[in-house]
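Engineer: Below: one structure in structure tokens.
The values are calculated or read from the model by the stated rules, or taken from the named source; none is laboratory data. As the structure is a prediction and not an experimental result, all values here were calculated from the model. Please note: Cβ atoms are built from the backbone with ideal geometry, for glycine as well, and neighbour counts cover all protein chains shown.
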Amino acid sequence: MNECMLDNWNDTVKDGDTVIHCGDVLFGMDKVAWMEANFAKLPGKKKLALGNHDNIKHVAQFFNDVQYWYNIDNFVFTHMPLHPQTLGERMRWDGKDVVNVHGHIHSNPSPDGPYKCVCVEQINYTPINLEVL
């Protein structure tokens, strides 16, 4: 699985691209050496929407930026799907209709509404372009 993700990342992401990872990038301290040897060498500027299994002390070194969420155009990138009340009754954020791009749920379906799961199990272990979302 890890080799597949590395290959797909290298085939998809270019040096000038920005990748927003939707969390849980490092589960277990035994993976730090693997991250140093592999993830750190992947192309692109890496941003992390912090996941519930991410320890900021150990993952921050691998990312250009770490936040709880990123708001880009009409997308809100988070680790877990946001509760509809977080976005308001009309699923708006900063006055715009939004899509909540998230991870966390693996192969399970996203909640009803404007949600898009980008867990590797649902995107063929391949980073996807914002235009595809």
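Engineer: Tell me, yes or no, whether segment 80-92 has at least one residue that is of a type in the set (S, T, N, Q), at pLDDT 90 or above and within 21 Å of residue 117 (Cα to Cα). Lay out the reasoning, then the answer.
Structural biologist: We begin by selecting, within segment 80-92, every residue of a type in the set (S, T, N, Q); these are 85-86.
Among the residues that remain, those that are also at pLDDT 90 or above are: none.
No - not one qualifying residue is present in segment 80-92.
Engineer: Within the set of pairs 6+ apart or on separate chains, which have a first residue in segment 104-119 that is under 20 Å from residue 19 (Cβ atoms), a second that is β-branched (Val, Ile, Thr) and assigned to a loop (DSSP other than H, G, I, E, B), and C-beta atoms under 9 Å apart?
Structural biologist: If the second residue must be β-branched (Val, Ile, Thr) and assigned to a loop (DSSP other than H, G, I, E, B), the pairs left are 104/78; 117/105; 117/123; 118/128; 119/105.
Engineer: Restricting attention to segment 9-40, and to residues there that are of a type in the set (Val, Ile, Thr) and in contact with a helix residue (DSSP H, G or I) (Cβ under 9 Å, 6 or more places away or on another chain), which single residue is nearest to residue 120 (Cα to Cα)? Steps first, please.
Structural biologist: Our first condition is that a residue be of a type in the set (Val, Ile, Thr); within segment 9-40, this holds for 12-13, 18-20, 25, 32.
Filter once more, keeping what is in contact with a helix residue (DSSP H, G or I) (Cβ under 9 Å, 6 or more places away or on another chain): 19, 25, 32.
Numbers: 19: 14, 25: 11, 32: 20 Å.
Once the filter is applied, the top-ranked residue is 25.
Engineer: Let me ask another. Quick check on my filter: what residues within segment 7-41 are more than 15 Å from the chain's Cα centre (by Cα) and among the hydrophobic types (A, V, I, L, M, F, W, C)?
Structural biologist: Of everything in segment 7-41, those that are more than 15 Å from the chain's Cα centre (by Cα) and among the hydrophobic types (A, V, I, L, M, F, W, C) turn out to be 29, 32, 33, 34, 35, 37, 40.
Engineer: Right, residue 130: surrounded by fewer than 19 Cβ atoms within 10 Å (Cβ to Cβ) and aliphatic (A, V, I, L, M) or not?
Structural biologist: Details: surrounded by fewer than 19 Cβ atoms within 10 Å (Cβ to Cβ): yes; aliphatic (A, V, I, L, M): yes.
Taking the combined requirement at face value, the residue satisfies it.
Engineer: On to the next question. Name the pairs whose Cβ atoms lie under 8 Å apart, with the first residue in segment 12-35 and touching a residue at least 60 places away in the same chain (Cβ under 8 Å), the second in a loop (DSSP other than H, G, I, E, B) and of a type in the set (D, E, K, R), and 6 or more positions between them or separate chains?
Structural biologist: 23/54; 24/54
Engineer: Right, residue 45: modelled with pLDDT under 95, surrounded by fewer than 17 Cβ atoms within 10 Å (Cβ to Cβ) and charged (D, E, K, R) or not? If you could, list the steps in order and put the result at the bottom.
Structural biologist: On the way: modelled with pLDDT under 95: no; surrounded by fewer than 17 Cβ atoms within 10 Å (Cβ to Cβ): yes; charged (D, E, K, R): yes.
Criteria not met by residue 45.
Engineer: Assigned to a helix (DSSP H, G or I), in contact with a helix residue (DSSP H, G or I) (Cβ under 8 Å, 6 or more places away or on another chain), closer than 20 Å to residue 126 by Cα and not small (Gly, Ala, Ser) - does that describe any residue in segment 41-60?
Structural biologist: No, because not a single residue in segment 41-60 is assigned to a helix (DSSP H, G or I), in contact with a helix residue (DSSP H, G or I) (Cβ under 8 Å, 6 or more places away or on another chain), closer than 20 Å to residue 126 by Cα and not small (Gly, Ala, Ser).
Engineer: Which of the residues that make up segment 106-124 are crowded, with 17+ Cβ neighbours inside 10 Å, at pLDDT 90 or above and part of a loop (DSSP other than H, G, I, E, B)?
Structural biologist: The answer is 110, 118, 119.
Engineer: Another question, if that's okay. Quick check: is even one residue across segment 65-72 aliphatic (A, V, I, L, M), surrounded by fewer than 18 Cβ atoms within 10 Å (Cβ to Cβ) and at pLDDT below 95?
Structural biologist: Yes: one or more hits.
Engineer: Among the residues in segment 2-15, are any in a loop (DSSP other than H, G, I, E, B) and modelled with pLDDT under 95? Working first, answer last.
Structural biologist: Initial filter on segment 2-15 (in a loop (DSSP other than H, G, I, E, B)): 13-15.
Cutting the leftovers down to modelled with pLDDT under 95 gives us none.
Within segment 2-15 (the criterion being in a loop (DSSP other than H, G, I, E, B) and modelled with pLDDT under 95), the answer is no, since none of the residues qualifies.
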